[in-house]
1. Report, by residue number, each residue of the range 114-171 that is at pLDDT 90 or above, small (Gly, Ala, Ser) and not in a loop (DSSP other than H, G, I, E, B).
2. Listed residues 74, 138; which is closer than 30 Å to residue 37 by Cα and more than 15 Å from the chain's Cα centre (by Cα)?
3. Could you please find all residues in the range 1-32 being closer than 29 Å to residue 60 by Cβ and in a loop (DSSP other than H, G, I, E, B)?
Amino acid sequence: MQKKMEIERKFLIEIPELKKLNVVRELDIIQTYLNADNSELQRRVRKITENGNEKYVYTQKKFLSPTQRIEEECEISLQDYNKYLTEKKDNPPTIKKRICFDYHNQLFEMDIYSFSTELAILELELDSVSQEIDFPECINVLKDVSADGRYSNAALAKENCFLEDAHKGVI
């Protein structure tokens, strides 16, 4: 299992016109959270479909701060994926489309969820906590949600929606 330190910032955005982005990958993801014996750990499995090909990934994270975590991840077999699904939490899986695009040598990941046609979460892995971010002009950032647990994928899986204030424009 590959172990790495991850520094990531997350933003609530309005979904831009995709043709204005330099899209390098499009993935369909079904993300299921798993029970964990240790409350410091978050466990999940993903079914990732890209160009008709499926792969399965197991991930375990330990959060150090809102933007920093230690992540262990590995590709698994379909058989192992189905075995892990028996350990799933009660909440439904998160279904999302991930659009990866490049802008000024930054690889952004935009997650568009099945429950919203207007809003998305934009993620960017950084080299350092103080790294400057250069957003494309077509991206309307509504709010930095890096430290707001209500916008984590695990929380969105439980609620299966964005916060009502976001829909009302009260950010």
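1. Correct list: 120 only.
2. Working: 138 fails: closer than 30 Å to residue 37 by Cα.
That would be 74, the only listed residue that is closer than 30 Å to residue 37 by Cα and more than 15 Å from the chain's Cα centre (by Cα).
3. Across the range 1-32, the qualifying residue is only 1.
The values are calculated or read from the model by the stated rules, or taken from the named source; none is laboratory data. Fair warning: this is a prediction, and the values are worked out from it, not measured in the lab. When we count neighbours, we look across all protein chains shown, and the Cβ atoms used for this are built from the backbone with ideal geometry, even at glycine.
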